[in-house]
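Written out below as structure tokens is the structure these notes cover.
The values are calculated or read from the model by the stated rules, or taken from the named source; none is laboratory data. Given the structure is predicted, the values throughout are model-derived calculations rather than measurements. In this analysis, Cβ positions are derived from the backbone assuming ideal geometry, glycine residues included, and neighbour counts consider all displayed protein chains.
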Amino acid sequence: MTMSPQDRQRISDAIRAAEAKTSGEIVCVLAQTSSDATALPVLIAAVAALALPWLLVALTAMTVHRILSLQAIVFIGLLIVLCLPRVRVALMPRKARRAVAHRTAMEQFNSRGLAGKSNQAGILIFVSLAERYARIIAGPGIAERVPQSEWQAAVDALIAHMRDGRIADGFVTAIELCGAKLATHFPQTGQERNPLPDRIHLI
């Protein structure tokens, strides 16, 4: 995952501009992957490595030492390949991928300080690249006034730009759309507040 300093600055500027019109907060998180489970890759590599000696014994005249060496090489090689983020995620059913990404988004919402906002007017713009997942999570104060369906345009923009490899453009567009919604329902009050960092978090 790469994002240039210029792209990060564009996102920070977009957050700052959007928050200037609202009492709400916007936090952006870009994840390389939401899944760190390695049980399935280990299982597949182990099964393949265990099956290999039987095939070699039946089909070749290799020595035991060479067979055991090949078994270790196959296990380690398969494990390295299968544990690559995109390969590991591809092994998961689509429903499981979405569930894992959603869980990570909720964890980020809580850990980034949005859950503790006094007016509960904070949103998380979350993208997980390996799972190709995008989500807008709104605090309870916002969810009471703005149904989840109204954030769909921002989610669609994130997904469309993600497909084109223009992640920063997707975030900027989503921030602008979400900022307009927040400004409508939670306009700037002029009161002093303790804002969260105006930047994108890369995990």
Could you count how many residues in the range 97-147 are buried (at least 21 other Cβ atoms within 10 Å of the Cβ) and among the acidic types (Asp, Glu)? 1
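The rows are residues; the columns are (1) more than 17 Å from the chain's Cα centre (by Cα); (2) of a type in the set (Asp, Glu).
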| site | (1), (2) |
| --- | --- |
| 13 | yes, yes |
| 47 | yes, no |
| 52 | yes, no |
| 56 | yes, no |
| 61 | yes, no |
| 66 | yes, no |
| 78 | yes, no |
| 90 | no, no |
Can you find even one residue in the range 14-22 that is touching a residue at least 40 places away in the same chain (Cβ under 8 Å), out of contact with any Asp or Glu (no Cβ under 9 Å at 6 or more places or on another chain) and hydrophobic (A, V, I, L, M, F, W, C)? yes
Within the range 151-203, which residues are closer than 15 Å to residue 137 by Cα and surrounded by fewer than 17 Cβ atoms within 10 Å (Cβ to Cβ)? 152, 153, 156
So which residues in the range 12-71 are touching a Gly at 6+ places or on another chain (Cβ under 7 Å) and in a loop (DSSP other than H, G, I, E, B)? 21, 24
Scanning for something closer than 17 Å to residue 14 by Cβ, at pLDDT 90 or above and outside any loop (DSSP other than H, G, I, E, B), does the range 140-151 turn up at least one residue? yes
Taking the range 50-75 and keeping only residues that are closer than 22 Å to residue 85 by Cβ and either of a type outside the set (Phe, Trp, Tyr) or loosely packed, with under 14 Cβ neighbours inside 10 Å (or both), one is left with 74
